[in-house]
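Peer 1: Can you keep this structure in mind? I'll have questions shortly.
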Amino acid sequence: MKLTVKKPIFAESASYFVNRASQISGTVLIKKEHWVIDAKSLLGILALSLQPGQEIELEFEGEPDEQFIQDLEQAGLFEK
């Protein structure tokens, strides 16, 4: 599932993202350009240095977690 970054993902927003991703039982990967990062890794998220307008792809083990996506959108971090 492709998402566009709406606001920079640093410190507090990265922590929110990782905490929310950690509630998902399966693996969640973030793909950006040549990077593939575990969405449950704070250092990985920070290393991506996500900026507004950039596009990422979320890959879920099994079915996508729609509630996770909605939470990210409601927090103003990403948009579909």
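Peer 1: Return yes or no: is Glu63 surrounded by fewer than 18 Cβ atoms within 10 Å (Cβ to Cβ) and at pLDDT 95 or above?
Peer 2: No, not satisfied.
Peer 1: Can I ask one more? Can you pull out the residues in segment 28-47 that are part of a helix (DSSP H, G or I) and surrounded by 14 or more Cβ atoms within 10 Å (Cβ to Cβ)?
Peer 2: Listed by number, the residues that qualify are Leu42, Gly44, Ile45, Leu46.
Peer 1: Please find, among Leu58, Leu50, the residue that is surrounded by 13 or more Cβ atoms within 10 Å (Cβ to Cβ), aliphatic (A, V, I, L, M) and not in a strand (DSSP E or B).
Peer 2: The conditions single out Leu50.
Peer 1: Now a separate question. For segment 22-80, which residues satisfy the criterion of being touching a strand residue (DSSP E or B) at 6+ places or on another chain (Cβ under 8 Å), within 11 Å of Ile9 (Cβ to Cβ) and polar (S, T, N, Q)?
Peer 2: Once the filter is applied, which keeps residues that are touching a strand residue (DSSP E or B) at 6+ places or on another chain (Cβ under 8 Å), within 11 Å of Ile9 (Cβ to Cβ) and polar (S, T, N, Q), segment 22-80 yields Gln51, Gln54.
Peer 1: On to the next question. In segment 61-80, which residue that is of a type outside the set (Lys, Arg) and assigned to a loop (DSSP other than H, G, I, E, B) is nearest to Gln23 (Cα to Cα)?
Peer 2: Checking each candidate, the answer is Asp65.
Peer 1: Whether any residue in segment 3-21 is in a loop (DSSP other than H, G, I, E, B) and under 22 Å from Gly62 (Cβ atoms) is what I want to check.
Peer 2: no
Peer 1: Checking Ser25 against (1) part of a loop (DSSP other than H, G, I, E, B); (2) touching a Gly at 6+ places or on another chain (Cβ under 8 Å); (3) of a type in the set (Ser, Thr, Tyr), only one condition comes out false. Which one?
Peer 2: Only one criterion in (1) part of a loop (DSSP other than H, G, I, E, B); (2) touching a Gly at 6+ places or on another chain (Cβ under 8 Å); (3) of a type in the set (Ser, Thr, Tyr) is unmet by Ser25, namely (2).
The values are calculated or read from the model by the stated rules, or taken from the named source; none is laboratory data. The shown structure was predicted, so the numbers you read here are calculated from the model rather than taken from an experiment. No Cβ is skipped: glycine too gets one built from the backbone with ideal geometry, and neighbour counts run over all protein chains shown.
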